[in-house]
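Below: one structure, written as structure tokens.
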Amino acid sequence: MEIKIFEGYNLEELIQEAKEEFGEDIKILHYEVLKERKWLFFGTKKRYKLFVEIPEEEETPVQFEEILDKIEEMIDKKIQQSIPKLTPVNRSDLTPDHITETAPPDIAELFKEFTGEALELLNQLVSKDVLPEVAKKIVKEGCGLDIDTNRWDLNTLTSKEAVIKGIKKYIRFTGAFDEEKNGLKIIAFVGPTGVGKTTNLFKIASHFVINKKLKVAVISTDTFKVGATQQARIYANILNIPFYSASESKKLKTTVSELENYDFILIDTVGRSHYDYWRLGEIKEILGSLSDNMHIVLTLSCNYKNEDAFEVVNRYSTFFDIKSLLFTKIDETSKPGLLLNLPIETKIPVSYISTGQRVPEDIKILKPENIVSYILGD
Ligand SMILES: Nc1nc2c(ncn2[C@@H]2O[C@H](COP(=O)(O)OP(=O)(O)O)[C@@H](O)[C@H]2O)c(=O)[nH]1
Ligand SMILES: [Mg+2]
């Protein structure tokens, strides 16, 4: 321990001086009063000696930060390696003719094995932000080889039918959560901030309660966002279902065990940036105390750009065993290519789609037919 001594005639000023040098939380060890004789007058003057402990340099947090940075760097690297090499292309104004005449060679090259209606369909899909590789996979399912041109064209199927066929081959659908066969009981909603976790949790809860007459309880781990639990509490009151908040794993575990006679427990988590590894780890830790019998649904907004959406899924997947994707805000985008790109490239099943802000109406179970309508229009 190192000590600094401040000397002067006013004790308060000495303390102030020490605080200015070492911060508000200084540790005063003790002080001495020295009496000085005054020459002009008889009597003495008080002189003070203040002993202050010099705070040690705090090294631990710095090292800790460094370690965190390193971990983040390693995860980043891993994610970069696992992200499929996808190049979103936005060519809404291209028609098949344009492709051969003016499109850069990469696009023409990509689609050169297709012709006629198949080529038109590919363009339509790409104009909705479906990635070219994904579009090709889907369209090929409805194609046959055209003998004259030796290229792929739609066979007897219409564009819609062809896309439905492709979707059925490449995308898995969970159906309604209450219809899963494995005795599923706990559903946890994770995802970035503001995507619609809380509102859509309650849409599903009200469907369970009102239409299926199921016993449902809601637990929120979201005690972080201002007003978050109030919003959830209001919904729970309207539905007349029990609502609990639990911000750490022990409490969550005991709350869940007390709710054993319920059909479903829906868990709302705090929204976190997918770059915030620390907080994602916290949510993982909280949920980790529960049984394996939990469906973790990653909630994502359809108006995310392709690259951002892949990033979100990849980062969340490093922390959670994502069982399905729930898409929101389909009403806020005209280019919902994500609905195909994400499930096809990540192979994660899809569950629901949120179509607006109204609770409980604006939610649908995802099926091949409604995905096609969102992408190609009715
Ligand atoms: N337009 C639109 N808004 C939505 C949809 N789903 C949720 N929202 C809105 O998005 C905002 C954030 O929703 P919230 O559930 O609080 O998001 P959370 O932070 O993920 O829990 C709210 O204003 C919701 O009404 C949707 O499908 N379409
Ligand atoms: Mg919320």
Answer residue from the range 348-378, given it is among the basic types (Lys, Arg) and free of Cβ contacts under 8 Å to residues at least 40 places away in the same chain and is farthest from ILE322 (Cα to Cα) among those: ARG358
Restricting the range 313-327 to residues that are of a type outside the set (S, T, N, Q) and in a helix (DSSP H, G or I), the residue that is nearest to ligand 2 (Cβ to nearest atom): TYR316
Per the filter on the range 207-235, residues under 25 Å from the mean Cα position of the chain (by Cα), of a type in the set (A, V, I, L, M, F, W, C) and at pLDDT 90 or above are PHE208, VAL216, ALA217, VAL218, ILE219
For the range 342-378, name all the residues that are under 20 Å from HIS295 (Cβ atoms) and in a loop (DSSP other than H, G, I, E, B). LYS347, ILE348, PRO349, PRO360, LEU366, LYS367
Before we move on, is LEU339 assigned by TED's automatic domain parsing to the domain that holds ASP263, in a helix (DSSP H, G or I) and either within 14 Å of ligand 1 (Cβ to nearest atom) or surrounded by fewer than 21 Cβ atoms within 10 Å (Cβ to Cβ) (or both)? yes
Listed by range, strands (runs of 3 or more DSSP E) wholly within the range 140-192 having at least 3 residues that are in contact with a Lys or Arg (Cβ under 8 Å, 6 or more places away or on another chain) are none
Please report, ordered by residue number, the strands (runs of 3 or more DSSP E) entirely within the range 234-312 with at least 3 residues that are within 16 Å of ligand 2 (Cβ to nearest atom) and touching a residue at least 60 places away in the same chain (Cβ under 8 Å). 264-268, 294-301
Could you tell me which of the residues ILE238, ILE210, ILE164, ILE234 is in contact with a helix residue (DSSP H, G or I) (Cβ under 7 Å, 6 or more places away or on another chain) and of a type in the set (A, V, I, L, M)? ILE164
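If you take the residues in the range 328-378 that are more than 20 Å from LEU122 (Cα to Cα) and touching a Pro at 6+ places or on another chain (Cβ under 8 Å), which one is nearest to ligand 2 (Cβ to nearest atom)? Can you show your working first?
Keep residues of the range 328-378 that are more than 20 Å from LEU122 (Cα to Cα), which gives 328-332, 346-367.
Checking the rest, the ones that are also touching a Pro at 6+ places or on another chain (Cβ under 8 Å) come to 330, 349-350.
Working: ILE330: 19, PRO349: 23, VAL350: 21 Å.
Here the answer is ILE330.
Answer yes or no as to whether GLY194 is touching a Ser or Thr at 6+ places or on another chain (Cβ under 6 Å), within 16 Å of ligand 1 (Cβ to nearest atom), small (Gly, Ala, Ser) and under 23 Å from ILE322 (Cα atoms).
no
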Check the range 123-145 and report whether any residue there is buried (at least 18 other Cβ atoms within 10 Å of the Cβ), modelled with pLDDT of 95 or more and within 16 Å of ligand 1 (Cβ to nearest atom). no
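The values are calculated or read from the model by the stated rules, or taken from the named source; none is laboratory data. Worth saying up front: this structure is predicted, and the values here are computed from it rather than measured. Cβ coordinates were reconstructed from backbone atoms using ideal geometry, including for glycine residues, and neighbour counts include every protein chain displayed.
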